[in-house]
1. Just the accessible area per residue of the range 168-238, please: how many Å² with a 1.4 Å probe?
2. For the range 51-205, what class follows from the C-alpha gyration tensor (a ≥ b ≥ c being the square roots of its eigenvalues): rounded when a/c is under 1.5, otherwise prolate if a/b is larger than b/c, else oblate?
3. Put +1 on the Cβ of each Lys and Arg and -1 on the Cβ of each Asp and Glu in the range 204-274; which of Pro251, Gly262, Gly221 then has its Cα farthest toward the positive end of the dipole?
4. Would you work out if the chain is rounded, prolate or oblate? Take a ≥ b ≥ c from the square roots of the eigenvalues of the alpha-carbon gyration tensor; rounded if a/c is under 1.5, else prolate when a/b is larger than b/c, oblate otherwise.
5. For the chain, with all protein chains present and a 1.4 Å probe, just round the carbon and sulfur fraction of the accessible area to a whole percent.
6. If I stretch the segment between Ala9 and Glu154 completely, what's the gain in nm (0.36 nm per residue apart, minus their alpha carbon distance), one decimal?
7. Hey, what's the range 60-127 come to in accessible area per residue, 1.4 Å probe, Å²?
8. In the range 286-308, whose amide N lies under 14 Å from the spot 7 Å out along Cα-to-Cβ of Arg228? List them in ranges.
Amino acid sequence: YDQVAALLADRRLSSDRAGGILQPLDAGVRERCPLVARTLEGIVAFRDPPDHTRIRRLLASTFSLRMVKRVTEMIERISARLLDAVAARGEADLHRAYTYPLPAMVVGAMLGVPGADLDRFKWWAQDIVFLVGSGSPSERLALAAEGHFAEMREYLRALTAKRRAAPGDDLLSAMIAAADGEGRLSEDEIYSNATFLMTAGHETATNMLSNGVLTLIRHPGEFERLRRDRTLIASAAEEILRFESPVQMTPRHAVEDGELAGRNVKAGDALLLFLGAANRDPARFPDPDRFDIARSDNRHLAFGYGAHFCLGAALAREELRIALAHLLERLPGLELTAGDVAWQATIDFRGPLSLPVRWRP
């Protein structure tokens with residue numbers, strides 16, 4: 001934990017890793033994926049100061065606590081509507097019916113994306129997330145992502161033109177205002193970060209929710225404890241994030257020769273910082289493999305640390321707390337209908353591909 005936290009805050013490490021994602025592929029394949037490289041290079045999470053500082057400052061105001069309070073009612077409304085459609089059935093794939101669409105609908109509404117278009121982002125997101133998180137991208141994934149980036153860019157270009165002509169009370173309008181104001185976001189940076197929010201950003205929120213449901217089902221004693229005492233929802237959310245971190249690792253590379261975490265490294269050397277392992281460090285978390293929804297002093301690293309601490313952390317926490325409260329109320333006796341679940345084929349992101357459950361109507 002101490003090593004990972006220190007390295008996340010160490011200015012001798014760079015997050016500028018967009019080019020490295022495609023590096024394992026042949027030069028000919030990389031040349032056929034110019035939009036992948038161009039889009040990844042504009043994402044705030046893949047930038048270093050001063051560009052990272054500039055982009056993050058312009059985006060930060062749109063992810064403020066005031067914004068989270070403003071969208072809380074919307075999250076509640078969307079969650080209730082989704083569960084209305086689920087509750088009468090008795091069983092469902094909760095990933096498909098609830099934990100996937102909830103974050104998509106929330107971030108879509110925040111960006112001003114019409115609900116009828118959200119399914120398009122679902123298909124665009126899948127190959128993009130697998131490309132970024134696979135650790136070993138294939139030619140098929142790279143070319144599929146290139147096509148999806150092109151389609152998404154055209155969609156966002158048209159939506160941006162509409163918002164520029166008639167600004168609304170949404171995140172995309174705020175990003176456009178930042179592009180037209182002091183400090184300036186470029187058009188590429190608008191497209192890149194909107195794409196990031198609708199793909200990897202949404203995917204991690206989905207994983208957080210699915211991991212939460214699955215972890216509670218697998219720990220029935222703690223699930224029952226939470227049913228009896230709803231005041232534990234906030235601490236249960238933090239323990240879910242620690243115990244099953246939706247982002248398991250984050251890469252960095254050294255910008256200079258030196259010693260890092262007791263190891264000699266050279267400029268350009270890659271480091272993998274395992275957030276999931278840090279969150280199970282017994283030196284930081286007593287009995288770390290025990291899931292305890294009342295765990296105190298639970299300062300986990302699920303959202304990272306330092307300059308790259310997740311911009312959407314407050315929003316994600318609110319989504320998780322609302323989802324837990326609604327699921328406890330609407331789907332009593334929740335249990336898996338399968339012995340196990342299939343997990344995403346990625347090393348960065350952790351979450352199930354489906355969540356077949358049943359409950360007492």
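The values are calculated or read from the model by the stated rules, or taken from the named source; none is laboratory data. Here the structure is a predicted model, which is why all the values come from computation and not from measurement. Cβ placement follows ideal geometry from the backbone for every residue including glycine, while neighbour counts extend to all protein chains displayed. Protein only, heavy atoms only, side chains kept; ligands, DNA and RNA dropped before computing areas. Shrake-Rupley method; radii C 1.70, N 1.55, O 1.52, S 1.80 Å.
1. 35
2. On the way: a/c = 1.87, a/b = 1.18, b/c = 1.59.
Note, shape of the range 51-205 comes out oblate.
3. The listed residue farthest towards the positive side: Gly221.
4. Verdict is oblate for the chain.
5. On the way: 8340 of 15990 Å².
Reported share for carbon and sulfur atoms: 52 percent.
6. 48.6 nm
7. 48
8. 293-294
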